[in-house]
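None of the figures in this text is laboratory data; all of them are computed from the coordinates on show. Values in this document were obtained by computation on a predicted structure and should not be read as measured data. All Cβ positions, even for glycine, are placed from backbone atoms using ideal geometry, and neighbour counts span all protein chains on display.
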Ligand SMILES: Nc1ncnc2c1ncn2[C@@H]1O[C@H](COP(=O)(O)OP(=O)(O)OP(=O)(O)O)[C@@H](O)[C@H]1O
Ligand SMILES: [Mg+2]
């Protein structure tokens with residue numbers, strides 16, 4: 001079980017597949033229920049493949065109208081996730097029970113039913129799963145560094161943040177370079193990797209922890225790096241499905257996964273957003289960047305990406321260019337959560353292929369990144385969901401399917 005991605009008392013993350021009479025009313029009730037986050041909704045299970053993969057769900061509800069056990073749908077769900085499955089049946093369900101028991105379905109619920117009964121069944125299934133410890137017991141957190149504008153400092157922030165987690169927090173940390181065409185995280189860290197994410201995704205055989213370890217390159221500070229493909233044309237082989245599986249395995253192997261990105265919402269990026277615990281959205285003090293960040297925030301809202309998982313970071317915040325933080329906040333209509341200073345030590349370290357956070361721990365930028373790492377660590381391990389917090393206004397389809405509709 002995802003343990004709510006490390007956020008205690010957060011709503012349980014549930015995905016719904018299938019269809020049956022009365023499902024619409026249940027969806028409406030669950031989407032406003034404070035204890036449940038409806039991650040998505042897809043009638044056909046194979047269409048939900050990428051949304052179900054990744055170990056991020058606490059439970060799956062499958063709705064069925066028939067009087068027979070939905071064998072194919074159930075095995076398809078099991079291919080993608082080990083989260084407990086609850087069957088909702090609008091028809092006569094006594095013929096389903098024996099096979100459901102054999103298949104280790106968590107619960108079979110005939111409809112109509114009170115919402116609270118369904119929520120109780122979800123909670124019970126999640127608790128049973130936790131006690132049995134059958135699902136991945138260790139789940140690392142995913143922090144994605146993004147900006148809809150190039151050259152704003154994504155790679156500087158992600159490499160230094162990752163190095164800080166590895167060196168000072170002693171966390172098992174993976175830096176994943178998702179700037180698939182022109183990624184330069186490895187160069188900034190002074191690494192010359194033999195293998196990249198491309199080699200990993202084209203290698204035969206099932207991806208597991210051991211295989212992932214064979215494709216990462218270790219920095220002397222202990223940070224593991226999975227670099228971007230060497231040739232831009234290889235990027236397209238890193239599909240959203242591969243990314244979903246990669247993050248599932250990575251979360252079982254690492255405490256912290258930092259993802260560097262390109263300025264685009266492509267498929268693998270959306271698969272990553274689906275599994276992101278904290279999105280660090282970088283902004284700068286110039287009008288074109290602020291305009292793009294505002295558009296980026298609007299896109300994230302359209303995708304129903306939870307607002308409480310976004311942290312707006314103003315890079316080079318102390319640059320005197322006639323724009324103030326308050327004006328940025330007014331234009332973005334959101335708070336700037338963190339400021340990072342402009343610091344000469346940063347480009348100097350970049351040119352030496354050393355993360356400034358390690359090479360010059362006393363530099364202003366390094367100190368600010370350490371503070372940011374402390375905030376992230378505190379948030380992803382201790383934060384509680386605000387009381388009575390409601391999930392997104394609409395049930396979230398997977399981000400990928402949403403973009404395609
Ligand atoms: N806080 C800072 N102080 C000084 N220089 C900075 C700072 N942040 C970034 N830079 C400089 O800006 C340059 C661009 O940063 P970086 O490569 O991290 O941006 P990016 O958003 O990853 O770009 P791209 O979209 O091309 O991947 C770097 O070479 C770095 O020297
Ligand atoms: Mg970059």
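When a/c is below 1.5 the answer is rounded, else prolate if a/b is larger than b/c, else oblate, so apply that to the range 1-121 with a ≥ b ≥ c taken from the square roots of the Cα gyration tensor eigenvalues. The shape class here is oblate.
Against the empirical 2.2 N^0.38 Å scaling, what ratio does the C-alpha Rg of the range 99-183 come to? Each step should come with its number before you reach the end.
Details: Rg = 21.3 Å, N = 85, 2.2 N^0.38 = 11.9 Å.
Output field value: 1.79.
In deg cm²/dmol, rounded to 500, what helix-only [θ] at 222 nm does the chain give when every DSSP H run of at least 4 residues adds -39500 (n - 2.57) and the total is split over its residues? Intermediate values should be presented prior to the final figure.
On the way: 17 runs with 159 residues, N = 405.
So the calculated ellipticity at 222 nm is -11000 deg cm²/dmol.
Sorted on the mean count of surrounding Cβ atoms within 10 Å across their residues, most packed first, peptides 75-88, 149-162 read 149-162, 75-88. Annotation: the antiparallel percentage among DSSP beta bridges lying fully within the range 161-298 is about 20. Scoring 195-201, 59-65 by mean Cβ neighbours within 10 Å over their residues and listing the highest first yields 59-65, 195-201. With a Förster radius of 45 Å applied to the beta-carbon distance between residue 331 and residue 75, the computed FRET efficiency rounds to 0.35.
With N counted as the residues of the range 307-377, its alpha-carbon radius of gyration over 2.2 N^0.38 Å works out to 1.23.
Once a ≥ b ≥ c are taken as the square roots of the eigenvalues of the Cα gyration tensor of the range 208-256, is the result rounded (a/c under 1.5), prolate (a/b larger than b/c) or oblate (a/b not larger than b/c)? Write down the numbers at each step before the final one.
Working: a/c = 2.34, a/b = 1.26, b/c = 1.85.
Taking the square roots of the gyration eigenvalues as a ≥ b ≥ c, the range 208-256 is oblate.
Per the Debye calculation on the chain with a single equal scatterer at every Cα and no solvent contribution, log₁₀ I(q)/I(0) for q = 0.07, 0.12 Å⁻¹ amounts to -0.34, -0.94. Would you mind calculating the relative contact order of the range 23-171 from Cα pairs under 8 angstrom and at least 6 residues apart, reporting the percent as a whole number? After rounding, I find 18 percent. For the range 28-80, the Kirkwood estimate of the hydrodynamic radius, built from every pair of different alpha carbons, is 12.4 Å. I need the shape label for the range 122-263. Rule: rounded when a/c is under 1.5, else prolate if a/b > b/c, else oblate, with a, b, c from the alpha carbon gyration tensor. It is prolate, given that a/c is not under 1.5 and a/b is the larger ratio.
What does the highest-first list of 258-265, 321-328 look like by mean Cβ count within 10 Å? Numbers along the way, then the final one.
On the way: 258-265: 23.2, 321-328: 12.8.
Highest mean packing first, the order is 258-265, 321-328.
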